[in-house]
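Participant: Could you have a look at this structure, given as structure tokens, before my questions?
The values are calculated or read from the model by the stated rules, or taken from the named source; none is laboratory data. Here the structure is a predicted model, which means the values were calculated and not measured. Note: ideal-geometry Cβ built from the backbone for every residue, glycine included; neighbour counts use all protein chains shown. Keep in mind that these areas ignore ligands, DNA and RNA; they rest on the heavy atoms of the full protein, side chains included. Shrake-Rupley method; radii C 1.70, N 1.55, O 1.52, S 1.80 Å.
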Amino acid sequence: MCLIAFAWRAHPRWPLVLIANRDEFHARPTAPAGFLADAPDVFGGIDLRAGGSWLLVSKRRRLAAITNVRDGLAVEVAPRSRGELVKAFATSDADNADFIAGIAPTAHEYGRFNLLLWDGASMHCVGNHPRFHAEEVAPGLHALSNASLDADWPKARRAKRALADWLQRQLQNGSESLHPGTEPLFAALADTTPAEDAELPDTGVGIERERRLSSPFVVGDAYGTRCSTLVLASSTGIEMSERRFGPNRLSIGNGGFTQCEI
């Protein structure tokens, strides 16, 4: 993933609401979101090159999502794929604390990452750049892009604001629907407006690339947003929706599952 905004324990009906965009090279082979053949209670997309994932949810009330950390133009060389961590957590029974302790010794073997973990009871954000670190996420609204948790990047700020507005409308309307209108959240993820130059971060990739990557939805021939994802977790189940895109924002399909009761 390259953009995640989420509300943790910020709404009485949904302890977790998460929206996310995955940016990647369009040529990289990817399986659409579905239940994993080797873990039929786990749902999400799979990177067919390395075998991992960027976001997976489980009927057992688990979620893992990952972003990379942007730090210059040098190509990362790492023996292991970041996506392994997402699949390892989603398919395991370990709670956050045990899983984090287990990956700490080998975290340096992966490319730079931020890993978001939900075990049904707590949220943690784990990273390996510039060194291994982990923090429990406090209740509230948060955003994660290609920097540290809640770094004030324009795209992260916009996504978090859109999520806050949506949650406020749900509270004002007193909505108890299992399927509230989520189109405003997907619209926020589809925003292609670049940030003003004065707002851009400096991650060492040059101003032109910072501009191209500054919108929530990245459009391009070779590289861009490949999918937008929404996760709603209630006290009784999880709902996940995915919209997939090809080069230059071409829509290539939707998927998801809804309200898997536990």
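Participant: Round to a whole angstrom and tell me the spacing of the C-alpha centers of the range 127-203 and the range 52-94.
Facilitator: 19
Participant: May I pose another question? How many nm is it between the label spots at F132 and R49, if each spot is 7 Å from the Cα in line with the beta carbon?
Facilitator: 2.7
Participant: If you don't mind, there's one more thing I want to ask. Classify the range 1-145 as rounded, prolate or oblate, taking a ≥ b ≥ c as the square roots of the eigenvalues of its Cα gyration tensor: rounded when a/c is under 1.5, otherwise prolate if a/b is larger than b/c and oblate if not.
Facilitator: Rounded.
Participant: Could you compute Rg(Cα) / (2.2 N^0.38 Å) for the range 82-141, with N its residue count?
Facilitator: The range 82-141 yields a ratio of 1.05.
Participant: So, with a 1.4 angstrom probe, what is the percent of accessible area on the range 70-169 that is carbon and sulfur?
Facilitator: Carbon plus sulfur share of accessible area: 51 percent.
Participant: Let me have the 222 nm mean residue ellipticity of the chain computed from DSSP H runs of 4+ only, each contributing -39500 (n - 2.57), with the sum over all residues rounded to the nearest 500.
Facilitator: Theoretical 222 nm ellipticity from helices: -5500 deg cm²/dmol.
Participant: D152 versus E109, label points 7 Å from Cα toward the beta carbon: distance in nm?
Facilitator: Rounded to a tenth, the inter-label distance reads 3.9 nm.
Participant: Where only protein heavy atoms count, and the probe is 1.4 Å, what is the accessible area per residue for the chain in Å²?
Facilitator: 43
Participant: Treat the chain as a sphere of radius equal to its Kirkwood radius over Cα pairs and apply Stokes-Einstein at 4 °C in a medium of 1.567 mPa s; give the translational diffusion coefficient in µm²/s, rounded to a whole number.
Facilitator: The calculation lands on 70 µm²/s.
Participant: Using 0.36 nm per residue of separation minus the Cα-Cα distance, give me the extension gain between S122 and A37 in nm, one decimal.
Facilitator: That pair, S122 and A37, stretches by 27.9 nm at full extension.
Participant: Which lysines have a Cα lying under 27 Å from the Cα of K59, excluding residues fewer than 8 positions away in the same chain?
Facilitator: K87, K160
Participant: With a 10 Å radius around each residue's Cβ, average the other Cβ atoms per peptide and rank 198-208, 21-31, 50-60, highest first.
Facilitator: Top to bottom by mean Cβ count within 10 Å: 50-60, 21-31, 198-208.
Participant: Go through A104, G237, A7 and say which Cα lies farthest out towards the positive end of the charge dipole of the chain; charges sit on Cβ, +1 for Lys and Arg, -1 for Asp and Glu.
Facilitator: Checked the options; the winner is G237.
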